[in-house]
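The structure appears right after this line, and notes come after that.
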Amino acid sequence: MSEKQPKNVLGFVLLKDANFDWPRFKHNLKEDWDIEFSDEIKEGLVVFSAEDMTCACSLMPTPVPNGEAEACAKNNPLWKEGPEAVARHGAHVMIAVMDGEDKLEQNKLFVKLASSMLKLKNTIGIYKNPTVFESSFYVDVAENLKRGDLPIPIMLHVGMYINKETRLCAFTYGMKAFGFDEMEVIGSTAQPQELFSFMLALADYVISQDAVLVDGDTVGFTEEQKLSVTLSKAVSFDGESLKIGYKTE
């Protein structure tokens, strides 16, 4: 497991304007996840306890500073209109889940809070570094929790690009939030959708099964599939990553 783990889970729900329906948010939380809070909302801020963790929601009547949300919206390949839609946001709500001993439960609680908030008509999406998810997409994927499955596509980011050898590469961003090393596939012959789905499936396996992959391991989803696992300096970002030999030469 990776030693450096984020202590808090943070995200920013993007709003069309600074109007925020707190009563409806509370209603959604109760109806969706049986989460209630009676804490007073003061100056757009509420801090409450849920599932033995501390939650904070803070309304900011301005856009996310420095164009961060607009820039990160470009990282979502599933939402082509994202940058344009995000550019129209006029306010945002910061959601923070703190004091979580279990990183998986902490991230699941964040998804619950965010999905209930994203049901509000005033929302556009949620900026969670390094990407932005559309409201409806996030809400739909969050339903996986009710079926006992992890909503992996909204719990982390899978980035993809073509390298100098015109081969497809992919990487995860967010595995550290669960205490695991980030993963990369470098120079694959797979098709984009295939590689994207593989990365999500592998992340789901590692997180849900608490499967710690180490240098020299092999991994696969069938008896015949034995993909190499190599820990080395990352190609797509700073630090180290586990390189997975998925359709690479």
Next on the checklist: Tell me yes or no: at least one residue of segment 129-151 is touching an Asp or Glu at 6+ places or on another chain (Cβ under 9 Å) and within 23 Å of Phe237 (Cα to Cα).
Outcome noted: yes
Checklist entry - Are there any pairs with C-beta distances below 6 angstrom linking a residue in segment 213-239 that is among the charged types (D, E, K, R) to a residue that is in a loop (DSSP other than H, G, I, E, B), with the two at least 6 apart or on different chains, and if so which? => result Lys226/Gly220
Next on the checklist: Which pairs turn up if I take residues in segment 181-209 that are under 11 Å from Ile244 (Cα atoms) and look for partners that are basic (Lys, Arg) and not in a loop (DSSP other than H, G, I, E, B) with beta carbon separation below 8 Å, at least 6 apart in sequence or on another chain?
Outcome noted: Glu182/Lys176; Met183/Lys243; Glu184/Lys243; Val185/Lys243; Ile186/Lys243
Item to check | Residue within segment 197-211 that is part of a loop (DSSP other than H, G, I, E, B), within 25 Å of Gly100 (Cβ to Cβ) and aliphatic (A, V, I, L, M) present | outcome: yes
Checklist entry - Tally time: how many residues in segment 116-166 are part of a helix (DSSP H, G or I), surrounded by fewer than 17 Cβ atoms within 10 Å (Cβ to Cβ) and of a type in the set (Ser, Thr, Tyr)? => result 1
Checklist outcome for this item: Counting only residues in segment 167-203 that are polar (S, T, N, Q) and crowded, with 19+ Cβ neighbours inside 10 Å, the one farthest from Val235 (Cα to Cα) is identified as Ser188
Checklist entry - For segment 17-35, what are the residues that are under 24 Å from Ala91 (Cα atoms) and exposed (fewer than 13 other Cβ atoms within 10 Å of the Cβ)? => result Asp17, Pro23
Item to check | Matching residues, segment 167-177, being at pLDDT 95 or above, under 16 Å from Asn129 (Cα atoms) and either touching a helix residue (DSSP H, G or I) at 6+ places or on another chain (Cβ under 7 Å) or part of a loop (DSSP other than H, G, I, E, B) (or both) | outcome: Thr172, Gly174, Met175
Checklist entry - What number of residues within segment 204-241 satisfy the criterion of being closer than 18 Å to Tyr161 by Cβ and either outside the structural domain of Asn163 (by TED's automatic domain parsing) or surrounded by 13 or more Cβ atoms within 10 Å (Cβ to Cβ) (or both)? => result 5
Next on the checklist: Looking at Met98 and the list (1) in contact with a Ser or Thr (Cβ under 9 Å, 6 or more places away or on another chain); (2) surrounded by 16 or more Cβ atoms within 10 Å (Cβ to Cβ); (3) closer than 16 Å to Leu10 by Cβ, which single condition is not satisfied?
Outcome noted: (2)
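The values are calculated or read from the model by the stated rules, or taken from the named source; none is laboratory data. As the structure is a prediction and not an experimental result, all values here were calculated from the model. Cβ coordinates were reconstructed from backbone atoms using ideal geometry, including for glycine residues, and neighbour counts include every protein chain displayed.
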